[in-house]
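As C-alpha cells, the structure follows; a few thoughts come after it.
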There are 2 protein chains.
Amino acid sequence: MVSEYMHELGSKKSTIRDIFEYGRKRVAEVGRENVFDFSIGNPNVPCPAKVNETIKKIVSGNFGENIIHGYTPAAGLPRLRVKISEYIEAKFGFKTGAENIFVTSGAAHGLVATIKALAEKGDEFIAFAPFFPEYRCFVEAAGAKFNVVPAKIEDFQIDFDKLEESVTPNLKGVIINSPNNPTGTVYSEDTLKKLTEFLCDKQKKYGHPIYIIADEPYRDIAFDDVDIKYIPKIYDNTIVIYSYSKSLSVPGERIGYIAVSERADKHREIFDAIAGATRISGHVNPPSLFQYVILECMDEKSDISIYKKNRDLLYNALSESGFTCVKPQGAFYLFPQSPESDSRKFCDRAKELDILLVPGDDFGCEGHFRLSYCMETSMIERAIPVFEKLAKQYE
Amino acid sequence: MVSEYMHELGSKKSTIRDIFEYGRKRVAEVGRENVFDFSIGNPNVPCPAKVNETIKKIVSGNFGENIIHGYTPAAGLPRLRVKISEYIEAKFGFKTGAENIFVTSGAAHGLVATIKALAEKGDEFIAFAPFFPEYRCFVEAAGAKFNVVPAKIEDFQIDFDKLEESVTPNLKGVIINSPNNPTGTVYSEDTLKKLTEFLCDKQKKYGHPIYIIADEPYRDIAFDDVDIKYIPKIYDNTIVIYSYSKSLSVPGERIGYIAVSERADKHREIFDAIAGATRISGHVNPPSLFQYVILECMDEKSDISIYKKNRDLLYNALSESGFTCVKPQGAFYLFPQSPESDSRKFCDRAKELDILLVPGDDFGCEGHFRLSYCMETSMIERAIPVFEKLAKQYE
C-alpha cells in the first residue's frame, strides 16, 4: 500500500540514531557527566562570530521588497555563484566559472543530485571502505549499482589491487571523501596520483569517462598543515561537493555547493542534469538568508584548534591504553580497531560503561569502531579512565 | 553519458523562467516603471516584523553549544512538531499527534516525499487542471502515472463527469490545491462533499485506499471570509502539505510540514516511507534557524490586505476591459480567458506592450493566461490602461 523501498529506507532504525536516543535516556538516568557519547558528528565549536553578526545585520536592513527571505534562482544567487567561483580560483588556482557552480542545501543534497545526474541504467559507482553509510542509499536510489572497495586498514589509503578487482566496464563514478568520515584520513599525494592514473587507464580501456565525485565537507577541518589536493587540478572528470556545515559550524542550516569542473567531459550536460535532479528532489532554492550569510562569511572558519586538541588527547590516550588506531589528519573522527573481531559486541561492552561508540560495520569496515570528538574536551578527559578500564577487560 | 531524464528535466527551459529573464532585460532597456511583470509568484508583502525580531533574538542568545545552527532530527525539532500538532488541533479541531508531523524544507519537498512514499509500480495520481506544473514531474519521477482531469472553466471547481472518465482501478492519490495556483479558486463545500463521496465509492469498489494529497501553501491567503475546509476532517485518507512560504512571506527559507492524518489507512507506514523518501532526496533536516523561528512565529501572518486590494483592482479592471475571469478567493493569481484561443499568441501580443503573462498551457489549461498580483499596487495601476489598449486589439 506504500512504497516498500521508501518504507524500508525510512523504518530501518539507524544504529547512530539508536545510540543517540539511548544516550539521551542514560543522561536522564545517571547525569550528563557520566555518559560519554562519542556517537554523533554534530560540530560543537560555535560558528564564527561574524555569522551571527551578519544575520543580525541582514535582518535589520531595510528590505522593503522582502528580498532576503524571497525565492532565489534554483542554483543560488548569481552573485553568490560568482563569489564562490572567485574563491575557488583564488584558493586553489583553478578556474571554475560561476555557471558551473550549483549552490545546494548541503553536501548530502549535492551528492544525491550529482549521482542522479550521472547515473544511467547499469552504471556502477565505487566507494572505498570505510565510507559514509548514506552513499549506498544515494547510489541505489539513483538506480545504479554500489560497489565497495574493501578497506586498507593499515593506513586507510587505497588498496589498488582490491580496486582493480572491483571495477567493471560499467564504472561511472568513484566517490572519494578526504578528509574521511569515519577515519579522518587524508589521501596522500601518492594515493591520488595512483588513483588518477588508474582511472585514466580505465577511461581509455572502456572508452567512456569515469567521474570522481569528491565529497569534501571536511576539507577545512584538517590538522598538521596537511596538504589537501584540489582534485580538479589533477583529474579532469571531477565534480566537487562542498558544504559549509563544518567549516562554519552551521550543519543544521543546509548550505553547500557543487562545482562541476570545466575540464570534465560533458560538463554542461552534467550541470543541467544536476538542475533536473534537484528539481524532482523537491528543491526550490538553497535557504535564502544563508545564501546572503555565505556571501559575507565565505572566508570565515570556525576555530578548529579544539578539534586538534581533542584528537591529540583521545588518540594518545587510546594508543596508551593499547588500542590500535591510524592517526587522523582531518575531520573529527577516530576509527580504531576493535579489540574483539565483532565490533558490535565491543561497542555493547563499552555501552555498559556508558561509552557510546558506533560499530565499524555501519561504515562497511568490520572490526573497527568510530568515535566523534567534536565535543567538550572535559568529557574526553573524564572518559579516558573509563577507556582504560574497558581496555583492561581485553588484557 | 548523463541521465537523459535528469538532463531533460534540467535543460528544458521553463516558460516562467524565460519570461522572468526577458522581464529583467526589458527593465534594463525601458525602465522598471514601463515593464508590467505579472509572471512570478514571489510574495512582495514583507514578513511579519516578529520574524526578523525573532531571528535577531535567537542569534543574540548565548548558545555555547551551537544549538541554533546544529543538526536537528530529520523530521524536525520534537517541540516544533508538538507545537504544530497543537496548532492544528486548536485551529481545525482535528487531532494530529506530533508523531505524524514531518517538518519539511517547503511544500515542494513535502509533495515529492509524500508522492514517493505512496507510489508503487503501476499507480496513478490525479490532478485537476489547471495545476501547478511541477506536479507532473513529481509524480512521474516517482515512477507513477500522472492523469489530468480537464478543467471546469466556468468556475474551476471539479467536473465530476470528467473525473469519472479519468479514474482507473490504479488510482492511488488525488492532488488537490485549494486555494489554487493558478486560478485562486477555493473548493466549495459542495465540491468537497462530492469529491469525498466519489473517492469513498471508488475505494469500496477498488478495495484499496485512495489518498487525497492536500497541497495547501495558500491556505492562509484567502479573502472574503471564505471557509477553507480542513480536509482530514471530511476524508480519512488525507495527507496535508503546508508551507510557511506564503503565510509568513519567507518563500526562500524553505520550511513547511507534512501532516499525515491519524485516520488514514497505514498512516504509520506512510510516515516512515516519507522519512525514507526524504533521506534519498538529500534531506538531512529542515533549516535549523527557521525551525526556531517557526516555533515563535507560527501564529503570525503577513498582511494580506495588499493582495486583496490588488485582486479587486485587477479583477475589476480586467472585467471592465472585457476579459472573462473567475473571481478568485485566495492565493495571488488571476486566470482569465485569453481573447484568442491560442494563449501563447495572446501572451506574445501582451509582451509587445511589456505586459508579461504566463500562458495557461503550462498549467494544463489552454485558452487562459495567469497573472500574479503579489506586487506593488502602483504597478497594477500603471498597467490598467495598457490592458485596455491590449483588449482593444481584440474588439
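The values are calculated or read from the model by the stated rules, or taken from the named source; none is laboratory data. This structure is a prediction, so every number in the text was calculated from the model and none was measured. Don't worry about glycine lacking a Cβ; one is built from the backbone with ideal geometry, like all the others, and counts go over all protein chains shown.
Taking region A:88-109 as the range and being over 14 Å from A:SER261 (Cβ atoms) and in contact with a Gly (Cβ under 9 Å, 6 or more places away or on another chain) as the test, the residues that pass are A:VAL103, A:THR104, A:SER105, A:GLY106, A:ALA107, A:ALA108, A:HIS109.
Looking at region B:15-29, can you tell me whether even one residue there is in contact (Cβ under 8 Å) with a residue 60 or more places away in the chain, over 20 Å from A:ALA74 (Cβ atoms) and of a type in the set (Asp, Glu)? For region B:15-29, residues in contact (Cβ under 8 Å) with a residue 60 or more places away in the chain, over 20 Å from A:ALA74 (Cβ atoms) and of a type in the set (Asp, Glu): absent. When B:SER166 is tested against (1) polar (S, T, N, Q); (2) within 14 Å of chain A (Cβ to nearest Cβ); (3) under 17 Å from B:THR196 (Cα atoms), only condition (2) is not met. Does B:GLU89 satisfy being away from every other protein chain (no Cβ under 14 Å) and charged (D, E, K, R)? So B:GLU89 passes the test.
Test of understanding: among B:SER261, B:SER245, which residue is over 14 Å from B:ILE213 (Cβ atoms), of a type in the set (Gly, Ala, Ser) and within 22 Å of the chain's Cα centre (by Cα)? Unique residue meeting the criteria: B:SER245.
As for region A:80-98, it holds no residue that is in contact with an Asp or Glu (Cβ under 8 Å, 6 or more places away or on another chain), within 23 Å of B:HIS69 (Cβ to Cβ) and of a type in the set (A, V, I, L, M, F, W, C). B:HIS283 fulfils the conditions (1) of a type outside the set (Val, Ile, Thr); (2) under 30 Å from A:VAL293 (Cα atoms); (3) more than 14 Å from every other protein chain (Cβ to nearest Cβ); (4) in contact with a strand residue (DSSP E or B) (Cβ under 9 Å, 6 or more places away or on another chain) except for a single criterion, (3). Annotation: of all residues in region B:205-220 being touching a Pro at 6+ places or on another chain (Cβ under 9 Å) and of a type in the set (D, E, K, R), the one that is farthest from B:GLN329 (Cα to Cα) is B:LYS205. Restricted to region B:190-234, and to residues there that are aromatic (Phe, Trp, Tyr) and out of contact with any helix residue (DSSP H, G or I) (no Cβ under 7 Å at 6 or more places or on another chain), the residue that is farthest from B:CYS47 (Cα to Cα) is B:TYR206.
For every residue, the table says whether it meets (1) in contact with a Ser or Thr (Cβ under 6 Å, 6 or more places away or on another chain); (2) within 13 Å of chain B (Cβ to nearest Cβ); (3) under 28 Å from B:PHE290 (Cα atoms).
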{"site": "A:VAL293", "(1), (2), (3)": "yes, yes, yes"}
{"site": "A:ASN316", "(1), (2), (3)": "no, no, no"}
{"site": "A:SER321", "(1), (2), (3)": "no, no, no"}
{"site": "A:GLU340", "(1), (2), (3)": "no, no, no"}
{"site": "A:PHE346", "(1), (2), (3)": "yes, no, no"}
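Would you confirm whether or not region B:178-201 contains a residue that is in contact (Cβ under 8 Å) with a residue 60 or more places away in the chain, closer than 20 Å to A:ILE280 by Cα and either within 14 Å of another protein chain (Cβ to nearest Cβ) or surrounded by 21 or more Cβ atoms within 10 Å (Cβ to Cβ) (or both)? Looking for residues that are in contact (Cβ under 8 Å) with a residue 60 or more places away in the chain, closer than 20 Å to A:ILE280 by Cα and either within 14 Å of another protein chain (Cβ to nearest Cβ) or surrounded by 21 or more Cβ atoms within 10 Å (Cβ to Cβ) (or both), one finds at least one in region B:178-201, hence yes. In region B:234-267, of all residues being of a type in the set (D, E, K, R) and within 17 Å of B:GLU120 (Cβ to Cβ), the one that is farthest from the other protein chains (Cβ to nearest Cβ) corresponds to B:ASP265.
Only one residue in B:GLU300, B:GLU296 is touching a residue at least 60 places away in the same chain (Cβ under 8 Å), of a type outside the set (A, V, I, L, M), touching a Leu at 6+ places or on another chain (Cβ under 9 Å) and under 30 Å from B:ALA107 (Cα atoms), so which one is that? Just one listed residue meets the conditions, B:GLU300.
If you take the residues in region A:330-342 that are within 9 Å of A:THR183 (Cα to Cα) and not aliphatic (A, V, I, L, M), which one is farthest from the chain's Cα centre (by Cα)?
Step by step, filter region A:330-342, then rank; the result is A:PRO336.
With a requirement of 2 or more residues that are surrounded by fewer than 17 Cβ atoms within 10 Å (Cβ to Cβ), touching a Cys at 6+ places or on another chain (Cβ under 7 Å) and among the small types (Gly, Ala, Ser), none of the helices (runs of 4 or more DSSP H) lying completely within region A:261-350 satisfies it. Selection over region A:119-144 of residues that are more than 15 Å from A:GLY364 (Cα to Cα), buried (at least 17 other Cβ atoms within 10 Å of the Cβ) and in contact with an Asp or Glu (Cβ under 8 Å, 6 or more places away or on another chain) gives a count of 1. Could you say which residue among A:ALA49, A:ALA98, A:ALA119 is free of Cβ contacts under 8 Å to residues at least 60 places away in the same chain, within 13 Å of chain B (Cβ to nearest Cβ) and closer than 22 Å to B:SER11 by Cα? Of the residues listed, the single one that is free of Cβ contacts under 8 Å to residues at least 60 places away in the same chain, within 13 Å of chain B (Cβ to nearest Cβ) and closer than 22 Å to B:SER11 by Cα is A:ALA119.
Do you know which residues across region A:259-275 are over 19 Å from A:ILE84 (Cα atoms) and either in contact with a Ser or Thr (Cβ under 7 Å, 6 or more places away or on another chain) or not assigned by TED's automatic domain parsing to the domain that holds A:ALA98 (or both)? Matches in region A:259-275: A:ALA273 only. Check region B:299-311 and report whether any residue there is closer than 11 Å to B:HIS368 by Cβ and in the same structural domain as B:MET375 (by TED's automatic domain parsing). The answer is no; no qualifying residue exists.
Scan region B:372-386 and give yes if some residue there is within 20 Å of the chain's Cα centre (by Cα), among the aromatic types (Phe, Trp, Tyr), under 16 Å from B:GLY23 (Cα atoms) and not in a helix (DSSP H, G or I), otherwise no. Checked against the condition, which is being within 20 Å of the chain's Cα centre (by Cα), among the aromatic types (Phe, Trp, Tyr), under 16 Å from B:GLY23 (Cα atoms) and not in a helix (DSSP H, G or I), region B:372-386 yields at least one hit.
List the number of the failed condition for A:GLU33; all other conditions in (1) without any contact (Cβ under 8 Å) to a residue 40 or more places away in the chain; (2) more than 10 Å from chain B (Cβ to nearest Cβ); (3) touching a helix residue (DSSP H, G or I) at 6+ places or on another chain (Cβ under 8 Å) hold. Failing condition for A:GLU33: (1). So is A:ILE84 of a type in the set (A, V, I, L, M, F, W, C) and in contact (Cβ under 8 Å) with a residue 60 or more places away in the chain or not? It is true that A:ILE84 is of a type in the set (A, V, I, L, M, F, W, C) and in contact (Cβ under 8 Å) with a residue 60 or more places away in the chain.
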